[in-house]
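Each remark here refers to the structure printed beneath this line.
All of the numbers you see were taken from the coordinates with simple rules; none came from a lab. Given the structure is predicted, the values throughout are model-derived calculations rather than measurements. Please note: Cβ atoms are built from the backbone with ideal geometry, for glycine as well, and neighbour counts cover all protein chains shown.
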Amino acid sequence: MVLDGRLPVMTRLPSERSLAAELAISRTTVAAAYDLLRQCGFLQSQQGSGTWIALPEDVDSKATAPWLPGAARSELDLSHAALSAPVEVFHSAMAEATGQLSIHLRGHGYNLLGLPKLREVVAARFSARGLPTHAEQVLITSGAQQALSLAIMAFADHGSKVIVEHPTYPNALDAIRQRGARPVPVPFNEGKWDLDLIASTMRDSGAQLGYFVPDFHNPTGLCMSPADRKQLVLAAHRTRTPLIIDETLVELGIEHDAPEPTGVYGSEEATPIVTIGSASKIFWGGIRVGWLRAPAAVIRKVAGLRPPLDMSSPILEQLIVASLFPRLHEVVAHRRQVLRTARDELVSQLNNHIPEWRPTRALGGLSLWVDLQERISSRFVSAAGHAGVLLSAGPRFGIDDAFERFVRLPFTVPTETSNEAIRRLAEVWRAMHSQSPAGDVRRGPRLPI
């Protein structure tokens with residue numbers, strides 16, 4: 001459970017006496033179990049400070065960030081979960097946007113809040129999905145990552161705690177840490193959000209902010225139910241914990257559309273809910289246009305934090321996105337068909353070539369979260385790179401080296417590329433196991449059953 005991220009590192013354990021009383025067993029049994037876990041590296045203790053969960057030192061945590069400058073490239077790049085552009089639709093939008101650009105060339109080109117036209121288009125999309133929104137509640141940003149960073153700046157200070165799902169979007173973890181804040185992980189419970197644990201963590205941790213991806217969660221592809229969304233907002237309201245809701249993947253449902261926005265369960269007067277979105281995942285990653293939806297007062301606050309980062313998003317890109325939105329439903333329908341086929345083909349290939357692996361069945365989004373059944377993710381990803389396949393290792397999506405049993409596999413590349421990648425990964429998998437004695441492939445300390 002520690003290696004899977006279900007028990008966060010640094011979680012404090014009960015004393016030997018209190019745990020023995022709770023379980024109605026002898027204190028000697030509890031003490032022996034604690035001693036064994038310390039020997040295996042899963043617990044640390046300090047007199048006067050108690051006992052807490054740790055990770056063994058042999059966990060290989062050097063997961064790579066392949067998008068960084070200078071990182072090795074590969075002919076089979078599965079490190080990015082992103083789609084190519086819808087070419088015909090995109091060309092049409094570019095032509096329309098270019099024709100409108102001349103009007104803006106007469107001005108200085110800066111607009112801190114974003115083009116009024118695009119703000120209205122984004123607001124209309126929120127309203128159509130069930131969350132009434134006006135243009136003054138929308139800020140256009142240079143991608144969803146900037147929207148996320150601005151929202152964190154608005155609500156978290158150095159030393160603040162930010163509640164996150166575990167696993168979660170890795171660049172969110174980076175943005176939280178860059179602010180000097182500390183992510184507080186809340187694990188999933190058997191493929192579902194544990195709302196009781198989320199509520200208790202909000203209540204007991206002293207967190208100043210929560211970050212959640214309820215719509216086709218990255219990396220698991222899960223989708224939060226309306227009832228859980230309502231419970232999440234209620235817990236945030238009771239503890240006065242502002243929420244950042246990441247809707248970057250909201251339009252990429254495969255089995256079904258996303259439910260109504262989480263923000264429908266809040267109100268302008270209640271604890272702020274900041275919703276971020278992007279044109280990058282549904283349209284194209286080369287268009288760096290995102291947005292942030294929040295009460296008007298929060299939009300003004302966030303806009304005031306923006307100038308040190310940039311003064312405005314590119315006018316032409318905003319015009320292109322505004323021209324793409326009228327054809328959103330067409331793009332979504334095509335994406336759904338393509339992604340369903342690609343997801344199912346990837347699952348089939350995994351079943352045929354590496355049947356030991358256990359992928360999630362993503363309800364939407366762009367990737368599978370795959371359980372390798374062994375904690376060798378970082379080593380495997382490194383070996384796969386030598387075979388010409390670039391992947392993201394599980395620890396990239398967690399805290400304190402969690403998820404060494406997992407990798408993320410996107411289903412966004414052409415079928416022939418994906419199939420060749422799986423063939424090579426299967427060869428790497430077999431080679432790694434043929435070189436190790438049975439039962440000795442980085443499984444870690446063996447504990448008595």
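Quick look at the values:
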item	result
In degrees, nearest ten, helix 226-239 long axis to first principal axis of the chain (Cα)	80 degrees
Calculated SAXS-style log₁₀ I(q)/I(0) at q = 0.10, 0.15 Å⁻¹ - region 89-327, Debye, Cα scatterers	-0.45, -1.00
Local electrostatic count, LYS161, Cβ distance below 13 Å [Lys/Arg +1, Asp/Glu -1]	+2
Highest-fluctuation residue, GLY221, GLY99, GLY388 considered, GNM on the chain with Cα pairs under 10 Å	GLY99
Candidates GLY277, GLY266, GLY191, ranked by Gaussian network fluctuation over the chain, Cα under 10 Å, top entry	GLY191
Given LYS117/LYS192; LYS161/LYS230; LYS117/LYS301; LYS192/LYS301, the pairs whose alpha carbons are separated by over 27 Å	LYS117/LYS192; LYS192/LYS301
Rounded tilt (10° steps) of 415-434 against the dominant C-alpha axis of the chain	20 degrees
Whole-angstrom Cα spans of region 155-283 along principal axes, big to small	38, 32, 29
Label-to-label distance, nm, for residues given as ARG17 and LYS301 (7 Å Cα→Cβ offset)	4.5 nm
Among GLU255, GLU269, GLU345, residue whose mean-square fluctuation peaks in a GNM of the chain (springs only between Cα atoms under 10 Å)	GLU269
Helix axis angle, 27-39 relative to the chain longest principal axis, alpha carbon, degrees	60 degrees
Dmax and Rg, reported as Rg then Dmax, of region 12-53 (C-alpha, Å)	9.9, 26
³J(HN,Hα), Karplus 6.51/-1.76/1.60, whole Hz, each residue of region 315-322, x for Gly, Pro	4, 4, 5, 5, 5, 4, 5, 4
Farthest toward positive dipole pole in the chain [+1 Lys/Arg, -1 Asp/Glu at C-beta], among SER377, VAL138, GLY206	GLY206
Theoretical gain in end-to-end length, GLU427 to HIS256 [0.36 nm per residue, Cα-Cα removed]	58.0 nm
Dipole magnitude of region 89-327, debye to nearest 20 (Cβ charges: Lys/Arg +1, Asp/Glu -1, about Cα centre)	620 debye
Positive-end extreme of charge dipole, the chain - chosen from LEU391, VAL264, ASN189 (charges on Cβ)	VAL264
Mean Cβ count within 10 Å, highest first, over the residues of peptides 161-170, 243-252, 200-209	243-252, 161-170, 200-209
Relative contact order of the chain, pairs being alpha-carbon contacts under 8 Å that are 6 or more residues apart, as %	22 percent
Point-charge dipole on Cβ atoms (K/R +1, D/E -1) for the chain, about Cα centre, debye to 20	600 debye
Rounded to the nearest 20 debye, dipole of region 142-199 from Cβ charges on Lys, Arg, Asp, Glu	240 debye
Of [x] 9; [y] 23; [z] 15, the label for percent of Cα pairs over 44 Å apart derived from the coordinates	[z]
Antiparallel bridges, percent of DSSP beta bridges restricted to the chain (to nearest 5)	55 percent
Debye intensity ratio I(q)/I(0), log10, region 242-291, q values 0.15, 0.22 Å⁻¹ (C-alpha model)	-0.48, -0.85
Region 12-53, relative contact order [Cα under 8 Å, separation at least 6], %	44 percent
Computed lengthening from GLN337 to LEU36, 0.36 nm per intervening residue step minus Cα-Cα distance	103.2 nm
Net charge of neighbours whose Cβ lies under 15 Å from the Cβ of SER267, counting Lys and Arg as +1 and Asp and Glu as -1	+2
